[in-house]
1. Of ILE390, ILE403, ILE394, which residue is of a type outside the set (Ser, Thr, Tyr), in the same structural domain as GLU292 (by TED's automatic domain parsing) and in contact with a Lys or Arg (Cβ under 9 Å, 6 or more places away or on another chain)?
2. Hey, does segment 103-121 have a residue that's among the basic types (Lys, Arg) and either surrounded by 24 or more Cβ atoms within 10 Å (Cβ to Cβ) or in contact with a Lys or Arg (Cβ under 9 Å, 6 or more places away or on another chain) (or both)?
3. Criterion first (closer than 23 Å to SER270 by Cβ and at pLDDT below 95) does GLY110 satisfy it?
4. With the requirement that a residue be under 17 Å from ASN58 (Cα atoms) and assigned to a helix (DSSP H, G or I), what does segment 15-41 give you?
5. Quick check: anything in segment 207-217 out of contact with any helix residue (DSSP H, G or I) (no Cβ under 6 Å at 6 or more places or on another chain) and buried (at least 24 other Cβ atoms within 10 Å of the Cβ)?
6. Looking at (1) surrounded by fewer than 20 Cβ atoms within 10 Å (Cβ to Cβ); (2) touching a strand residue (DSSP E or B) at 6+ places or on another chain (Cβ under 7 Å); (3) hydrophobic (A, V, I, L, M, F, W, C), can you tell me which one ALA165 breaks?
7. Say whether the condition of being acidic (Asp, Glu), part of a helix (DSSP H, G or I) and under 14 Å from the mean Cα position of the chain (by Cα) is met by at least one residue in segment 95-117.
8. Determine, yes or no, whether ALA195 is assigned to a helix (DSSP H, G or I), in the same structural domain as PRO24 (by TED's automatic domain parsing) and not hydroxyl-bearing (Ser, Thr, Tyr).
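The values are calculated or read from the model by the stated rules, or taken from the named source; none is laboratory data. Fair warning: this is a prediction, and the values are worked out from it, not measured in the lab. In this analysis, Cβ positions are derived from the backbone assuming ideal geometry, glycine residues included, and neighbour counts consider all displayed protein chains.
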Amino acid sequence: MNNFEKYSTDFVQSVGNKEGAVSPVITSSASFAYGTAEIGEGIFDGSVKKPLYSRMGNPTTAKLESILAKMDGGIGAVATSSGMGATTLAVMSIVSAGDEIISIGGLFGGTYALFHETLSRFGVSTSFFDVDELDNIKNAITENTKIIFLESVGNPNMRLPDIPAIAKIANDAEVVLMVDNTITPMSIQPLKLGADIVVYSTTKVISGNASALGGCAVFRAINDADDKFKTSRYADIHKFIKGAGAMALIPNAKKRAMRDFGMSANAHASYQTMLGLETLPLRMDRIISSVEIIAKELDAKGLMINHPSLTSHPHHARYKSDFSQGCGTLLTIDMGTKERAFEFLNKTKLATLTANIGDSRTLALHMASTIYRDFDTDTRKFLGVTDGLIRISIGLENPQDIINDFLEAAK
């Protein structure tokens, strides 16, 4: 049985319309006319709920945001132009110069560069820890710590965090927990596990066919009673809580990040992303099944496979308990050397060589010579990037065909 039956119903019913055009309408306009000066004033002060300007939101994108917010149990969401746009929006809406971030686990190269290189230029520092360094993570929290950030699955090191345990550390310290859930939509619901913000690159498996660049940040509601966002640590957000109550993190993100940085989603991309959402539950169910089959068979044939479904993986027990609905589309193959990795990639007939993941097609990429080529040896080691590492994103092809192709390429 499909693990995601609930979402199959929710997505197709939410994307389509019961009256007029069945498919979502693309509002292809950069600006919107207000009609009267009074309405214009109301739109800008928030009392009139109509479009202001497409940099701040678009009706097509708003529909996508409502579906993704519902998927994660959030009060609202802000869609962006890319996955890095979503991470940047969520982070920059919270931090200021002098603040600190704690980043946990293996990281996508772009996220690591944002934290280590770009934010440091603006006075925001980041400490990096492995997913199992819980005591060190707890001890690293200071009065300046604003965000604890983690990926639901380490990309590309395939290590699995204990999200509830990390959420407890964050919530006990009253620090924001932000989870990049790009690889595991539906499989993991971070807000229900104690996170405050969830970010996605919707370019990946949510869209699923490499046609639409996009991202999204999903936010929880501010509690009526005590809430970490009401403490002095997050004083910059208090004015938004006073004005918007439970919805405060939405205008905070739009006014403290999107308005000035401009990582706005495109209406056409939002439309294409919604089309991808309609089939996401079906695609994820098949891909998760295929990943396990392929990892097991290739491992049995002697290839160096890294995936938590394998009993040899250090987080196999966590995979069985906390990731029972899978951990996404990825596995890795370590060919030992760059030369052997290149030989494999040049011989495979099924894999498409690209930096994307989560596509309907199986994708592959040598990590050290591409995304992580500018990182030093110690950083690569921390992130799990070896000289021969190939990241594989399994697609919708017949899993036996993928196995046969990879075994032939590895000869």
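1. Residue meeting the stated conditions: ILE403.
2. No, every residue in segment 103-121 fails to be among the basic types (Lys, Arg) and either surrounded by 24 or more Cβ atoms within 10 Å (Cβ to Cβ) or in contact with a Lys or Arg (Cβ under 9 Å, 6 or more places away or on another chain) (or both).
3. Working: closer than 23 Å to SER270 by Cβ: yes; at pLDDT below 95: yes.
Here the answer is yes, as GLY110 does meet what is asked.
4. Looking only at segment 15-41, we keep the residues that are under 17 Å from ASN58 (Cα atoms), and these are 15, 23-34, 40.
Matches in segment 15-41: VAL15, GLY40.
5. No, segment 207-217 contains no residue that is out of contact with any helix residue (DSSP H, G or I) (no Cβ under 6 Å at 6 or more places or on another chain) and buried (at least 24 other Cβ atoms within 10 Å of the Cβ).
6. Among (1) surrounded by fewer than 20 Cβ atoms within 10 Å (Cβ to Cβ); (2) touching a strand residue (DSSP E or B) at 6+ places or on another chain (Cβ under 7 Å); (3) hydrophobic (A, V, I, L, M, F, W, C), the lone unmet condition for ALA165 is (2).
7. At the first step, the residues of segment 95-117 found to be acidic (Asp, Glu) are 99-100, 117.
Checking the rest, the ones that are also part of a helix (DSSP H, G or I) come to 117.
Next cut, under 14 Å from the mean Cα position of the chain (by Cα) only: none.
Scanning segment 95-117, I find no residue that is acidic (Asp, Glu), part of a helix (DSSP H, G or I) and under 14 Å from the mean Cα position of the chain (by Cα), so the answer is no.
8. Values: assigned to a helix (DSSP H, G or I): no; in the same structural domain as PRO24 (by TED's automatic domain parsing): yes; not hydroxyl-bearing (Ser, Thr, Tyr): yes.
So ALA195 fails the test.
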